[in-house]
1. Select from the range 339-353 the residues that are surrounded by fewer than 19 Cβ atoms within 10 Å (Cβ to Cβ) and in contact with a helix residue (DSSP H, G or I) (Cβ under 9 Å, 6 or more places away or on another chain) and list them in ascending order.
2. Here are some conditions: (1) under 29 Å from A245 (Cβ atoms); (2) surrounded by fewer than 23 Cβ atoms within 10 Å (Cβ to Cβ). S131 meets all but one. Which one does it not meet?
3. Counting only residues that are touching a residue at least 40 places away in the same chain (Cβ under 8 Å) and either assigned to a helix (DSSP H, G or I) or closer than 16 Å to D282 by Cα (or both), how many does the range 176-190 have?
4. Which one of the conditions (1) surrounded by fewer than 19 Cβ atoms within 10 Å (Cβ to Cβ); (2) over 16 Å from the mean Cα position of the chain (by Cα); (3) hydrophobic (A, V, I, L, M, F, W, C) does A125 fail to meet, given that it meets all the rest?
5. Those residues that are closer than 22 Å to N184 by Cα and part of a helix (DSSP H, G or I), I need them from the range 223-236; list them, please.
6. Taking the criterion of being in contact with a helix residue (DSSP H, G or I) (Cβ under 8 Å, 6 or more places away or on another chain) and not in a helix (DSSP H, G or I), would at least one residue in the range 58-73 satisfy it?
7. State all residues of the range 25-48 that are closer than 13 Å to A126 by Cβ, among the β-branched types (V, I, T) and in contact with a strand residue (DSSP E or B) (Cβ under 8 Å, 6 or more places away or on another chain); if no residue qualifies, say none.
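The values are calculated or read from the model by the stated rules, or taken from the named source; none is laboratory data. The structure presented is a predicted model; accordingly, all values stated were derived computationally and were not measured. Positions of Cβ are generated from backbone atoms using ideal geometry, with glycine treated the same way; all protein chains shown enter the neighbour counts.
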Amino acid sequence: MLISIAIDFRLADVATRELFHLSEERLTQLYRTARSEVVTEAALISTCNRTELYAWVDSDEPKVIDRAVQTLARRWMRTRSEGDELLRTATRRVGEEAARHVVRIAAGLESQVLGDGQILGQLKAAYKRASRGHTAGPVLHRLFETALRAGKRVQTETSLTAGRNSVGAEAAITASQRFGNLENARCLVIGAGKTGARATKQLHKLGARDLVVVNRTFETAKDLAKFVGGRAAPFETLHVEAAMADVVIVDTGSEVPVITADGLLRAREACAADGNDVLLMDLSLPRNIDARVTAQPGITLVDLDTLHQPILSAETMRRDAVPVANGICENEIGSFMDWIANMPARDAIKPLRTALEDVARREVAFASKDTGMAERAASRIVAKLLAGPMAALRRALQRGEGLDAQAMMLLEMFTPASAPEPRAIRTPRAIAPKVVVEHVAAPHVAPRERRPSMALSPDQFT
């Protein structure tokens with residue numbers, strides 16, 4: 001059963017979300033400990049507005065699922081008490097509801113900014129991270145591939161992502177609205193990642209001419225500054241640059257504030273700018289600006305929660321595309337759930353497929369002397385052979401029948417009389433069906449002088 005534990009902006013403010021945010025080190029540790037006898041796959045999605053853990057539990061029993069959720073929460077937060085606190089805040093989803101949610105995230109339908117253009121890249125990065133950590137298995141591979149395909153379709157087939165649709169761009173617009181004309185304003189952007197770059201470019205479009213970019217990698221800051229006709233400044237000068245700026249937008253990957261209250265106060269006093277008005281905008285999670293800066297005169301601090309309301313007003317232009325985007329998501333979710341429902345049939349016929357492929361591979365390799373071609377041809381031959389039996393097993397699943405009898409009959413039909421009887425064992429359940437055949441006796445190899453007479457087919461067995 002697919003499950004998820006989610007903390008997002010709809011039910012948790014930024015202060016709460018950062019409590020459950022995972023650093024790269026913590027995420028690596030989670031991936032090392034997440035899997036167990038029951039939890040066989042896991043992947044975490046982390047953005048500025050959400051942290052969500054998806055997992056495949058090799059059971060559909062409510063008690064087993066509940067224990068798996070509790071175990072995952074504790075490993076996320078390290079201790080039992082912190083895990084329990086997480087579950088009191090988090091949203092839990094199972095089955096189709098969890099699948100639907102991640103597909104809608106990819107489509108931009110669950111973003112703080114409707115149609116957020118960055119979310120698809122963030123989801124792809126999360127998928128790659130789980131793949132590198134070897135925690136994404138066949139189910140999560142299929143889920144993320146489905147979600148990414150849905151997201152791309154929404155981008156190309158609808159206008160949901162048209163116009164301003166990123167937190168960085170909306171922050172620049174909010175700065176323009178709050179500060180007024182940006183032509184004479186000094187604007188500082190700290191962080192040259194995707195969000196910082198979008199903010200910088202949007203500030204430039206809105207008329208800002210005095211643009212300063214700060215980034216830990218100075219060359220990256222120089223490239224972005226050059227693109228908008230601004231200048232780059234070293235990371236260690238960020239407090240001085242912030243003291244001299246009118247608008248400061250911050251988005252870095254730091255786990256601690258990069259603008260501190262003491263550092264900013266000293267810089268403002270040194271620059272004789274302690275009475276100037278400064279609009280600070282923190283787009284990071286965890287937050288990168290010390291909230292105590294608001295005690296200083298002239299400082300206005302905007303974070304992701306404060307930014308939410310202006311963002312909502314920009315969503316109107318994309319509302320018309322929502323029904324079409326919903327239809328695309330439902331279409332992709334339906335395909336994924338069909339794939340999940342057919343897992344027992346695929347597992348039941350897997351031993352037979354293995355046996356037949358071995359026979360076909362030996363025969364083709366004998367004839368062609370080409371191992372690579374033999375592998376490809378064997379798969380195509382067996383796919384054609386098993387198309388009918390696979391369809392029969394799917395129909396049995398739809399009727400609510402067990403697969404034991406039919407799978408064993410198929411194995412016996414394809415096993416020579418002299419071979420040992422095939423042995424059936426239980427395998428983990430995919431959904432409701434419980435028992436499938438997991439082992440077949442050693443396959444019979446036909447005499448070498450015989451050749452397969454069936455024509456090759458490009459059909460692919462899945």
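1. Step one: list which residues in the range 339-353 are surrounded by fewer than 19 Cβ atoms within 10 Å (Cβ to Cβ), which gives 339, 341, 346, 350.
Of everything in the range 339-353, those that are surrounded by fewer than 19 Cβ atoms within 10 Å (Cβ to Cβ) and in contact with a helix residue (DSSP H, G or I) (Cβ under 9 Å, 6 or more places away or on another chain) turn out to be W339, A341, R346.
2. (1)
3. Step one: list which residues in the range 176-190 are touching a residue at least 40 places away in the same chain (Cβ under 8 Å), which gives 177-179, 182, 185-190.
Keeping just the survivors that are either assigned to a helix (DSSP H, G or I) or closer than 16 Å to D282 by Cα (or both) gives 177-179, 187-190.
Of the residues in the range 176-190, 7 are touching a residue at least 40 places away in the same chain (Cβ under 8 Å) and either assigned to a helix (DSSP H, G or I) or closer than 16 Å to D282 by Cα (or both).
4. For A125, the failing item is (2).
5. Step one: filter the range 223-236 for residues closer than 22 Å to N184 by Cα, giving 224-233.
The answer is L224, A225, K226, F227, V228.
6. Yes; the residues of the range 58-73 include at least one that is in contact with a helix residue (DSSP H, G or I) (Cβ under 8 Å, 6 or more places away or on another chain) and not in a helix (DSSP H, G or I).
7. Within the range 25-48, I45 is the sole residue that qualifies.
Here's the yes/no breakdown for (1) over 22 Å from L285 (Cβ atoms); (2) modelled with pLDDT of 95 or more; (3) among the polar types (S, T, N, Q); (4) not in a helix (DSSP H, G or I):
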site: Q155; (1), (2), (3), (4): yes, no, yes, no
site: L160; (1), (2), (3), (4): yes, no, no, yes
site: T174; (1), (2), (3), (4): no, no, yes, no
site: A192; (1), (2), (3), (4): no, no, no, yes
site: V212; (1), (2), (3), (4): yes, yes, no, yes
